[in-house]
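**Q** Just dropping this structure here.
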Amino acid sequence: MTKHQGENRRYGKSQNLILTWCFFSYMDNGAKSVRFLSSFIILQKFRNPHGCKSETKRQKKKRDDILAEFVYNRGSVSEMKTEKTKETGEQKMKAYDYVVVGAGLYGAVFAREAVKKGKKVLVIDKRPNIAGNVYTEQMEGIHVHKYGAHIFHTNNKKVWDYVTSFAEFNRFTNSPVANYKGELYSLPFNMYTFNKMWGVVTPEEAAAKIEEQRQAAGITEPKNLEEQAISLVGTDIYEKLIKGYTQKQWGRPCTELPSFIIRRLPVRLTFDNNYFNAWYQGIPVGGYTKMVANMLEGIEVELGVDYLEKKEYYDSLGEKIVYTGPIDAYFAYELGTLEYRSVRFETEVLDKPNFQGNAAVNYTDAETPWTRIIEHKWFEFGKDENGQELPKTVISREYSSEWKPGDEPYYPVNDEKNGKLYEEYKKLAEKENDVIFGGRLGEYKYYDMDAVIAAALDMSERELG
Ligand code: UDP
């Protein structure tokens, strides 16, 4: 056993690893990246006394082959490391040019770009899986968005060309339905919504209704989310489709939230239920995990390792660190904790083919405890990879909560108070030599996936030339 494997041994005994292994084994047999990633996971599986019960002989042979490959790969990496960490003249060389902390989109894109430039890269992640919050896992032949629904959309051609070089995308268009106490409305706010809400038929009638409600509320310059929402769509829509949902999602009244959050949603005087104003949109065929595995192909990845717990060790391995975890956690919360919203999912397999007839249904009243229900199969039109109908369905109820240490942080709360604290952390980050902070958590920014990829590509260009 190499030293490096020894370091790993203390980590990641979660049974999720077994599930993850089953998942990866099920994925594309020929994908080298998947084999390579599986090898890390498998090693951890061997440490776990509970095996994958349903393993067949063929799977066992495949597992043994993968393990052999793993030992070979890790052995050679370890030799390289010993040789390179020897004193070479005055300078001590480190084993990697970059240690990337976090195998989510930012980390995977940076790692890919660095490797393209001939750099040596190690990617680590404390979860037992790659792909961060875009991770998808197979259940009943369905790619389940384990950390919440992700619909890729962008107007950035460069980003679209980039992602489509790692995955084929389907033509999914996000059209959520709002359920307000049993009344169903189309989202985003468009002529279908206005017709159902007010019975208006023409765009002029809809615009007049919104204007009438805006004037009655007396809003000229919106100062918070509530005022912004009313001035965009009027009081009725605010009360039924925005107020309850937003307060559940953010745990704060709309009067205390920044207006930009609601401006994420389009308002249209056309019959168009497309949630995004994006030229390009879709879901990667085979799931996001496969796409990120393709980004990480041939790159060393260690899963189930916590950088902040072993900071000194990982810092000694890399000339530079690319850190995509929470910025306040990096500094041991020395200036105080930034606020995040966390999300909890209750996922169920249902023995029926269709639960709600749509990928996303938002529960916009204040009383229903969940914010939305995702029915994952509709991201892929209810079909498996061979185009067959699926007899079962998988749904996830999403509950929003205030983040506390130990929870997964999902959404930065980009209000004034947190914005100021982040600026203080940013000053500390700027003084941190040889560390690049990036991504939704590293930059404390409510980034969409395409913006994260664009930011990682920009950083790569600046850093790598
Ligand atoms: N929102 C709402 N009602 C809805 C959906 C969204 O009021 O049915 C508001 C809510 O404040 C939310 C914001 O719009 O935080 C942005 O929604 P989006 O769907 O972009 O949030 P995400 O998908 O990132 O959770």
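**Q** Do any of LYS181/LYS392; LYS146/LYS240; LYS92/LYS119 go past 19 Å between their Cα atoms, and which?
**A** LYS181/LYS392; LYS146/LYS240
**Q** Can I ask one more? Sort 209-215, 288-294, 382-388, 309-315 by packing, meaning the average of other beta carbons within 10 Å per residue, with the highest value first.
**A** Taking the mean over residues of other Cβ atoms within 10 Å, the ranking is 288-294, 209-215, 309-315, 382-388.
**Q** Once you have the Cα-Cα distance between LEU335 and ASP351, take 0.36 nm times their residue separation minus that, and quote the gain in nm to one decimal.
**A** 0.8 nm
**Q** While we're here: Considering amide H positions built from the backbone, and no H for Pro or chain starts, which residues 5 or more places from ARG372, or on another chain, come under 5 Å of its amide H?
**A** For ARG372, whose amide H was placed from the backbone, the distant partners under 5 Å are TYR363, GLU398.
**Q** Let me ask something additional. Which order, highest average first, do 98-111, 344-357, 116-129, 271-284 follow once you tally other Cβ atoms within 10 Å for each residue and take the mean per peptide?
**A** 98-111, 116-129, 271-284, 344-357
**Q** Moving on to the next point. When only Cα pairs under 8 Å and 6 or more residues apart are kept, what is the percent relative contact order across the stretch 300-437?
**A** 33 percent
**Q** Collect residues whose amide H, placed 1.01 Å from N in the peptide plane, falls under 5 Å from the amide H of ILE436; neighbours closer than 5 in sequence don't count.
**A** Here ILE321, VAL322, TYR323 satisfy the definition.
**Q** Next up: What relative contact order, as a whole-number percentage, does the stretch 402-465 give when Cα pairs under 8 Å and 6 or more residues apart are counted?
**A** 31 percent
**Q** Another question about this same structure. Using the Karplus curve 6.51 cos²θ - 1.76 cosθ + 1.60 with θ = phi - 60°, work out ³J(HN,Hα) for each residue of the stretch 201-210 in order, rounded to whole Hz, and write x for Gly and Pro.
**A** Per-residue couplings from phi come out as 10, 9, x, 4, 5, 5, 4, 5, 5, 5 Hz.
**Q** Pop the C-beta distance of ASP272 and LYS92 into the FRET formula with R0 = 51 Å and round what comes out to the nearest 0.05.
**A** Numbers: r = 60 Å, r/R0 = 1.17.
Efficiency at R0 = 51 Å is approximately 0.30.
**Q** Between the stretch 193-225 and the stretch 383-424, what is the C-alpha centre distance in whole Å?
**A** Cα centres, the stretch 193-225 to the stretch 383-424: 31 Å.
**Q** What percent do you get for the relative contact order of the stretch 211-352 when only Cα pairs under 8 Å and 6+ apart count?
**A** On the way: 76 pairs, mean separation 22.5, N = 142.
Relative contact order of the stretch 211-352: 16 percent.
**Q** Follow-up question, since we're still on this one. Could you work out the Kirkwood radius for the stretch 279-431, taking every pair of different alpha carbons, averaging 1/r and inverting it, reported in Å?
**A** That comes to 19.3 Å for the stretch 279-431.
**Q** Can you tell me what percent of all Cα-Cα pairs in the stretch 194-287 are more than 17 Å apart?
**A** Numbers: 2442 of 4371 pairs.
Every Cα pair in the stretch 194-287 considered, those over 17 Å come to 56 percent.
**Q** Could you tell me the center-to-center distance, by alpha carbons, between the stretch 128-166 and the stretch 256-285 in angstrom?
**A** Comparing the Cα centres of the stretch 128-166 and the stretch 256-285, I get a distance of 18 Å.
**Q** Something else now. For LYS383 and LYS117, calculate 0.36 nm times their separation in residues minus their Cα-Cα distance, and state this gained length in nm to one decimal. Don't skip to the answer; put the middle values down first.
**A** Values: separation 266, 0.36 × 266 = 95.76 nm, distance 3.93 nm.
Once the chain is fully extended between LYS383 and LYS117, it gains 91.8 nm.
**Q** To continue, here is another question. What is the log10 of I(q)/I(0) for the stretch 332-389, computed with the Debye formula using one identical point scatterer on each Cα and no solvent, at q = 0.13, 0.16, 0.18, 0.19 Å⁻¹?
**A** Log10 of I(q)/I(0), two decimals: -0.53, -0.68, -0.77, -0.82.
Rule-based calculations on the coordinates, nothing more; no lab input. Everything numeric in this text was worked out from a predicted model, so none of it was measured. Heads up, the Cβs are rebuilt from the backbone with ideal geometry, glycines too, and the neighbour counts pull from every protein chain shown.
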